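Note sheet for the following structure.
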């Protein structure tokens with residue numbers, strides 16, 4: 001029995017961590033903490049995100065993030081020396097610090113989420129070196145009308161709310177290219193059971209498989225036969 005020498009973000013394990021000794025990962029993490037001002041303490045989730053994004057980079061189309069918040073994941077990519085450029089990216093969010101209802105996504109007045117931000121200008125400045133990064137501010141799924149492309153290669157879903165997540169992915173699914181990747185940030189988190197249930201129902205409707213990961217994420221790879 002090997003000792004569990006990693007415990008973070010709801011995950012305790014003795015498994016080898018490919019990012020732990022990776023100097024590029026650690027350098028990107030340090031830079032991201034410096035920019036954002038705090039450690040989100042989601043190393044394995046971040047490692048999975050980087051893998052998924054890089055795995056989709058050779059495919060045609062754009063990358064989309066539904067629910068950007070303070071942009072931890074894409075800031076990490078921006079600071080990762082193995083990612084030479086982000087390509088065409090749409091970062092979509094309400095860009096408000098207000099917390100939301102976990103089912104409807106409606107704003108809960110008088111509450112805030114520390115992972116969200118209302119400072120869109122600061123985010124735009126942060127990504128000014130990446131001409132392909134486009135910010136879309138507004139409600140989902142309504143603002144998806146501003147995504148003017150018929151090919152999507154990567155979708156990161158992190159709205160913390162079941163209904164807009166499912167409605168948005170349903171609208172985008174036909175534009176996701178074969179081999180395209182969807183990464184669900186909160187699929188396995190007990191805090192977001194509404195999202196888990198709604199996504200499993202959507203998977204039956206659209207006939208895709210979700211791989212639940214021990215990080216709490218859900219991984220979808222669009223089949224070439226569908």
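We did not get these values from a lab; they are worked out from the coordinates using the rules stated. Keep in mind that this is a model prediction, so the values were computed, not measured. Every residue, glycine among them, receives a Cβ derived from its backbone with ideal geometry; neighbour counts consider all protein chains shown.
In plain terms, the chain from residue 2 to residue 26 could stretch by 6.2 nm, reckoned as 0.36 nm per residue minus the Cα-Cα distance. One decimal place: the segment residue 58-residue 146 gains 29.3 nm when fully extended, by the rule 0.36 nm per residue minus the C-alpha distance.
Using a cutoff of 8 angstrom between alpha carbon atoms and counting only pairs six or more residues apart, the relative contact order for the chain works out to 19 percent. Each pair of Cα atoms in the chain enters the Kirkwood radius, and Stokes-Einstein at 25 °C and 0.890 mPa s then converts it into a translational diffusion coefficient of 137 µm²/s.
Stokes-Einstein, applied to the Kirkwood radius of the stretch 100-153 over Cα pairs at a viscosity of 1.306 mPa s and 10 °C, places its translational diffusion at 115 µm² s⁻¹. Which FRET efficiency value, to the nearest 0.05, do you get for residue 51 and residue 111 by plugging their Cβ-Cβ distance into 1/(1 + (r/R0)^6) with R0 = 35 Å? With R0 = 35 Å, the Cβ-Cβ based efficiency is 0.60.
Determine the percent antiparallel among the DSSP beta bridges restricted to the chain, to the nearest 5. Roughly 35 percent of the DSSP beta bridges within the chain come out antiparallel. Placing a label point 7 Å from the Cα of residue 171 along the Cα-to-Cβ direction, the residues of the stretch 93-117 whose backbone N falls under 14 Å from that point are 93-94. For the stretch 2-24, backbone nitrogen atoms closer than 12 Å to the point 7 Å from residue 211 Cα along Cα-to-C-beta are found at no residue. Highest mobility in the GNM of the chain, judged by mean-square fluctuation with C-alpha springs under 10 Å and restricted to 29, 102, 124, is found for 124. Taking only the C-alpha atoms of the stretch 69-190, Rg followed by Dmax gives 14.5, 43 Å. Starting from the Kirkwood Rh over alpha-carbon pairs, what translational D in µm² s⁻¹ does the stretch 19-131 have by Stokes-Einstein at 20 °C and 1.002 mPa s? Roughly 142 µm²/s, to the nearest whole number. Springs join every pair of Cα atoms under 10 Å in this Gaussian network model of the chain, and among 15, 153, 126 the largest mean-square fluctuation is at 15.
Can you tell me which of 135, 154, 53 moves the most in a GNM of the chain? Springs connect C-alpha atoms under 10 Å apart. In this elastic network of the chain, the residue with the biggest mean-square fluctuation among 135, 154, 53 is 135. Taking R0 as 35 Å, what's the FRET efficiency between residue 201 and residue 137 from their Cβ-Cβ distance, rounded to 0.05? After rounding, the FRET efficiency stands at 0.75.
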